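Since the structure comes first, as structure tokens, the remarks are kept for the end.
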Amino acid sequence: MSEKLTSPARAGEVETRSVEGEGDRVGTYAKMLRADPITLTRRYAATSPARRAGEVLLPWLLALAVAVVLPWLFYDFHHARHSGFALSMFSQMGMMIIFALSFNMLMGQAGLLSFCHSVLFGFGGYSTVHFLDSAGAGNLPVPMELMPLLAGFSGLGLAIAVGYVASKQRSTAFAMITLGIVQLVTTAATMFHHFFGGEGGIKTDREIGISLFGLEYAKSIEVYYLIVAWMMIAAIAMYYHTGTPLGRMANACRDNHERAQFVGYDPRMVRFLQFALSGFFAGIGGGLFAITYEIVTFDAVAAPLAANALLMAYIGGATTFVGPVLGAVLITAMQSGVSLMSNSWLIYVGVLFIAMVTFAPAGLTGIVLAHAPIARAGMLRRLLVPYLRMVVPALLVLLGFVGLVELSSFLTIGAAQGKQLALFGHSLAITSTTPWLVSLICLGGGGYWLSREATRFRSVWDDLSAGLRTASAAR
Amino acid sequence: MTAPPVTLRNVHKSFGPIEIIRGVSMDVAAGERHALIGPNGAGKTTLFNLISGRFPITSGEIRVGENRIDGLPPHRINRLGVSRSFQITSIFHRLSVFENIRCGLLWSSGYRYSFWHPLARQRALNEETERLLEELNLAARRDTMAGLLSYAEQRALEIGMTIAGGANVILLDEPTAGMSHSETEYAVALIRRVTQGRTLVMVEHDMKVVFYLADTITVLVYGQIIASGPPVEIRGNRAVQEAYLGALAA
């Protein structure tokens, strides 16, 4: 018996060879079984340092370039001025990117759903208003460029206090504690006038006259670039954090908090530190908010803002680092853009959220990543036709749905506001049956058609995935 | 590396009115391989949970070397050099195999809760991780998500995470449970290799594995130790045969 036991099975080695077989189909399929993208944005071996530096830097430089150039695409050369609408939307996007990323330090990376993230953001904002007031009065010699840093420390301070309580628990209990905290602080914001200014909030003037670069910050474009600078700093810092021992143990505690204890880590300490750091970044976002709008009200600490962060992280994709960035851009665009076009924009955000949670819980980046194994196997082309076949029915469903929502909206709120529904310059009679009937037919017929095409797509998708799975199982 | 002895003195554990561990005293000598056997429900896993700090003991005393560890939380016990595996595989399923092993190394390598060290640049740490992956025969799977490994591979990873931190006292809870014959052979060789010079306590049902690996066997029945000694002695022990081995032989 003992002789038999001393000779280890060779199964492992056989397997090693087949997986390493470069270029063979099985090897390709084996690559689809890759781990969590947050952890795998960095590879550790077999890449030369030069190439790695390039790989790491390129997306950041691209993001910076886009952020710098973006407002100039909307520049009105005729009147030599920036588009106020575009600038304020991009500024909002910048601070929301920081906010959503810091929220995802908790949700995506540590598995903690925090409803009080707005409190950390808002507190950074309120503090900044007071800092700006002091600076304007000459009592605080801090240049404008470093104000967001002070805001960050405010957020950090509050996060240490709040996190000490909240981090005692995890999962649902953690979420409940944070829900209590956000209600508490929102109430406090309307009660304690000295700091929060009551329902009207507090106002300030950002032209404090202290700047590292001699800037006045009278123009929105200057503020925009301040936001871009801090967005890049905060995003890079948060990305760096994902690759540190604490960042990794946050992932580990998310996956299995008990096991983390048996490798020497106190999950509560991990939660606490992660919470505190996320508060630092949320505070920076709040500081930029105060600088941009020069007013902070209790809306900036209230739960709907935290829910916004959840929407952004979820719709963009909480399992990747870049997901919340996408989400922040998309949701802010909807808030600014669609809200101009429609009274019912919140309905669209809500439906989008429900649709994402139902059909694509890994968010937009999750959808993209789901294609990666198929793309790696070079079979993306086989999805093209099934995708194209869904375009027309999807548009019909969209048209029908939007039509019904808008018709209802104009029948009620719109009528009260005295607005007229217009389509391509023609006003529509919302009380006649035709537009309702057309919308209903679009929605119903399109829905039926779409569901048939979706089934078709599903079967193609399943065939492809099953093929990949069998191949990888046969390795 | 000096492996400390593990001492249990009159340890009791009750869940509500039910006493699961009824006065266990046990000595695991430094550096020995100690197997804990007994019928289902004897309290073997509970005893593991007490030693590793997963549950607090009701009364008694547990020492590792000079340190008294009962009453300490699991992470503190782990930092004193006691590491355990789980009967039901307990890994970080959404992290890669490489990350799992590296997480097992982080604390003992002194990184604590650092949020300033970039892990990708920690050469010694990453090389040690790679070395362990080789040793566990998981190198080819380093970038695979741990949750997608085969059962036997997950068990190997479980053992790997347990030994990664260089703990001197290793507690393995049914490391070969649910494995095929060849997988068991491989796991046993692995355990034998990686626990060299460390104190090992293992719960195991497979008698072949027990008699092959263990220097000392302790038999636990209904929360009490009925026998403890070298394998030859336990094999010949009448009480053990009646309570446990006899049932298997029949």
- Note on the structure: Rounded to the nearest 500, the 222 nm mean residue ellipticity computed for chain B from DSSP H runs (n ≥ 4, each -39500 (n - 2.57)) alone is -9500 deg cm²/dmol
- Item | Scattering curve values for the protein assembly as shown, log₁₀ I(q)/I(0), Debye with Cα scatterers, q = 0.07, 0.09, 0.11 Å⁻¹ | -0.63, -0.95, -1.21
- Query: Amide H of B:M202: which non-local residues (sequence gap of 5 or more, or other chain) have their own amide H closer than 5 Å, using H built in the peptide plane?
  - Reply: B:H34, B:A35, B:L36, B:L172
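Could you grab the relative contact order for segment A:59-369? Cα pairs under 8 Å, six or more apart, rounded to a whole percent. Numbers along the way, then the final one.
Numbers: 526 pairs, mean separation 98.1, N = 311.
Computed value for segment A:59-369: 32 percent relative contact order.
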- Across bins of 10 angstrom width beginning at 0, how are the C-alpha pair distances of segment A:226-326 distributed, in whole percent? 13, 38, 35, 12, 2
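What length, rounded to one decimal in nm, is gained on full extension from B:T58 through to B:W116, with 0.36 nm per residue of separation minus their alpha-carbon distance? Please list the in-between numbers first.
On the way: separation 58, 0.36 × 58 = 20.88 nm, distance 4.10 nm.
In short, 16.8 nm is gained.
Where the convex hull is taken over the Cα atoms of chain B, what is its projected area averaged over directions, in nm²? Kindly include the intermediate steps, with their values, before the conclusion.
Numbers: hull surface 55.8 nm².
Result: a mean projected hull area of 14.0 nm².
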- Please get the size of the charge dipole for segment A:59-369, origin at its Cα centre, with Cβ charges of +1 on Lys and Arg and -1 on Asp and Glu, quoted in debye to the nearest 20. 780
- Per-residue ³J(HN,Hα) for segment A:255-261, Karplus 6.51 cos²θ - 1.76 cosθ + 1.60, θ = phi - 60°, Hz, x for Gly and Pro: 6, 6, 5, 5, 4, 4, 5
- Task: Using amide H atoms built 1.01 Å from N in the peptide plane, name the residues 5+ places from B:V221, or on other chains, whose amide H lies under 5 Å from its own.
- Result: B:I226
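How high is the relative contact order of chain B, in percent, with contacts defined as C-alpha pairs under 8 Å that are six or more residues apart? Spell out each step's value before the answer.
Values: 467 pairs, mean separation 69.6, N = 250.
Rounded, it is 28 percent for chain B.
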- Query: Among the lysines in the protein assembly as shown, how many pairs, 8 or more places apart or on different chains, have alpha carbons under 26 Å apart?
  - Reply: 5
- Item | Residue with peak Gaussian network fluctuation, chain B [Cα springs, cutoff 10 Å], from B:S14, B:S85, B:S228 | B:S14
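Under Stokes-Einstein, with the Kirkwood radius over Cα pairs standing in for Rh, what whole-number D in µm²/s applies to segment A:374-473 at 25 °C and 0.890 mPa s? Could you put the intermediate results ahead of the total?
Details: Rh = 16.1 Å.
For the chosen part, D equals 152 µm²/s.
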- Each residue of segment B:149-162 in turn: what ³J(HN,Hα) in whole Hz from Karplus with 6.51, -1.76, 1.60 and θ = phi - 60°, glycine and Pro shown as x? 5, 5, 4, 5, 5, 5, 5, 5, 5, 4, 5, x, 5, 5
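Enter the mean number of other protein chain beta carbons within 10 Å of the beta carbon of each residue in B:117-128, as an integer. Could the numbers behind the result be given before it?
On the way: counts 4, 7, 9, 7, 2, 3, 0, 0, 1, 2, 1, 0.
That average works out to 3.
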- Item | Efficiency of FRET between A:A161 and B:S25 - r from beta-carbon atoms, R0 56 angstrom, step 0.05 | 0.75
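Report the charge-dipole magnitude of the protein assembly as shown in Debye, nearest 20, computed about the Cα centre from +1 at each Lys and Arg Cβ and -1 at each Asp and Glu Cβ. If you can, show how the numbers build up before the last one.
Details: 57 positive and 49 negative charges, 179 e Å.
Here the size comes out at about 860 debye.
Starting from 0.36 nm per residue, how many nanometres of slack lie between A:Y448 and A:F74 once their C-alpha separation is accounted for?
Numbers: separation 374, 0.36 × 374 = 134.64 nm, distance 4.05 nm.
Result: 130.6 nm gained on full extension.
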- Message: Can you compute the FRET efficiency between B:R68 and A:A188 using 1/(1 + (r/R0)^6), with r the Cβ-Cβ distance and R0 = 41 Å? Round to the nearest 0.05.
- Response: 0.35
- A:E199 and A:V338 label points (each 7 Å along its Cα→Cβ direction) are spaced in nm at 3.0
- Task: Please work out the C-alpha center-to-center distance from segment B:21-59 to segment A:334-399 and express it in whole Å.
- Result: 54
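So, with +1 on the Cβ of K and R and -1 on the Cβ of D and E, and no other charges, what is the size of the charge dipole of segment A:374-473 about its Cα centre, to the nearest 20 debye? Walk me through the numbers on the way to the answer.
Values: 9 positive and 4 negative charges, 85 e Å.
Using only the charged Cβ atoms, the result is roughly 400 debye.
How much of the calculated P(r) for segment B:1-77 lies past 14 Å, in percent of all Cα pairs? Could you put the intermediate results ahead of the total?
Values: 1784 of 2926 pairs.
Looking at segment B:1-77, the distances longer than 14 Å represent 61 percent of pairs.
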- Which angle from 0 to 90°, rounded to the nearest 10, does the C-alpha axis of helix B:123-135 make with the longest principal axis of chain B? 50
- Note on the structure: Two pseudo-spin positions, 7 Å from Cα along C-beta at A:N139 and at A:L380, lie apart in nanometres by 5.8
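Would you calculate, for chain A, the mean residue ellipticity at 222 nm contributed by helices, counting each DSSP H stretch of 4 or more residues as -39,500 (n - 2.57) and dividing by all residues, to the nearest 500? Display every interim value, and only then the final one.
Values: 20 runs with 332 residues, N = 475.
About -23500 deg cm²/dmol.
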- Phi angles of segment A:398-404, converted by Karplus (6.51 cos²θ - 1.76 cosθ + 1.60, θ = phi - 60°) into ³J(HN,Hα) in whole Hz with x for Gly and Pro, give 4, 4, x, 5, 4, x, 5
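Every number in this text was worked out from the coordinates using simple rules, so none of it is lab data. These figures come from a predicted structure and were not determined experimentally. Positions of Cβ are backbone-derived with ideal geometry, glycine not excepted, and every protein chain shown enters the neighbour counts.
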